[in-house]
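*Asks:* Below is one structure. I have some questions about it.
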Amino acid sequence: MIESDGGLIVPSGAIGILTGGLILNKAKLSRKNAVLFVFVINFAIVGCMSSFFFLGCENPKIAGFTVPYPTG
């Protein structure tokens, strides 16, 4: 699983960095406003990522680990 995550994480990170750079460049923000912009975006991202704690996923069923072995 971890080996395949890079195929999605690396391009997504690159797109995010480029998009943020374009927004900051086009908006012609001062240093103070650029820092405020980045802070607000990061705060929003942390809020979105925190929602994963509440959504959750069901644990996979693995014989002998999360469910007993079938007896036959």
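*Asks:* What is the angle, in °, between the Cα long axis of helix 2-27 and the longest principal axis of the Cα atoms in the chain? Nearest 10 is fine, range 0 to 90.
*Replies:* 20
*Asks:* Among 23, 41, 65, flag the residue with its Cα farthest along the positive direction of the charge dipole of the chain, charges on Cβ as +1 for Lys/Arg and -1 for Asp/Glu.
*Replies:* 23
*Asks:* Could you sort 21-34, 57-70 so that the peptide with the highest average Cβ count within 10 Å comes first and the rest follow in order?
*Replies:* Ranking the peptides 21-34, 57-70 by packing returns 21-34, 57-70.
*Asks:* Could you give the dipole magnitude of the chain about its Cα centre, charging the beta-carbon of Lys and Arg +1 and that of Asp and Glu -1, in debye to the nearest 20?
*Replies:* With only Lys, Arg, Asp and Glu charged at Cβ, the dipole is about 560 debye.
*Asks:* Which whole number in µm²/s is D for segment 2-55 by Stokes-Einstein, with the Kirkwood Rh taken over Cα pairs at 25 °C and 0.890 mPa s?
*Replies:* Result for D is 189 µm²/s.
Read the figures in this text as sums done on the coordinates, not as results from a lab. What you see is a predicted model; the values in this text were computed from it and never measured. Cβ: placed from backbone, ideal geometry, glycine included. Neighbour counts: every protein chain shown.
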